[in-house]
1. Set the Förster distance to 22 Å, then compute FRET efficiency between Phe19 and Arg101 from the Cβ-Cβ distance, nearest 0.05.
2. Take the chain, connect every pair of alpha-carbon atoms lying under 10 Å apart with a spring to form a Gaussian network, then pick out the residue of Thr22, Thr91, Thr60 with the largest mean-square fluctuation.
3. For the chain, what mean projected area does the convex hull of the alpha carbons give, in nm²?
4. Note the full-extension length gain between Val54 and Leu85 as 0.36 nm times their separation in residues minus their Cα-Cα distance, in nm to one decimal.
5. Between Gly12, Gly32, Gly24, where does the largest GNM mean-square fluctuation fall for the chain, given springs only between Cα atoms within less than 10 Å?
6. Just to confirm the number: angle between the C-alpha axis of helix 50-85 and the first principal axis of the chain, 0 to 90 degrees, nearest 10?
7. Between Thr5 and Leu70, what is 0.36 nm times their sequence separation minus the Cα-Cα distance? Round to one decimal in nm.
8. Put a dot 7 Å past each Cα toward the Cβ at Ile30 and Val63; how far apart are the dots in nm?
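Derivation of every value follows stated rules applied to the coordinates shown; laboratory data play no part. Remember, predicted model here, so these are calculated numbers, not experimental data. For neighbour counting, all protein chains shown are included, and Cβ atoms are generated from backbone atoms with ideal geometry for every residue, glycine included.
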Amino acid sequence: MVTTTYLVKKLGVMSVAKFGATIGMIIGIIGGIIIAINLGPSAALAGGSMFWGVGSGIMTFCVNVLFGSLLGFLGGAVIAFMYNLAPWGETGGIELDLEIR
């Protein structure tokens, strides 16, 4: 098998932004589940009703997923845009080793 090295000169801003949004959404789901599971019992221990804990847990889950996606999208777009502006003489770019079968 032959490996060939390629240099990535430019990244698609929307492509990287969509990928960042997907990763951000996954992180938001995981974090939202962890927080939502802990909010119900915490509210009950603090003297509130379990209903408010569950409701705030569901709301926190939704907000985590939304903001995770949004911040992942924006972060990916900014990173791709900055990568496209980088001077190639100093940074060298990203090298990929691809295998030809």
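1. Computed FRET efficiency for Phe19 and Arg101 comes out at 0.30.
2. Thr91
3. Seen from a random direction, the Cα hull of the chain projects 9.5 nm² on average.
4. Using 0.36 nm per residue and subtracting the Cα-Cα distance, I get 6.5 nm.
5. Gly12
6. Result, in degrees: 10.
7. Computed gain between Thr5 and Leu70 is 20.0 nm.
8. In this crude spin-label approximation the distance works out to 2.2 nm.
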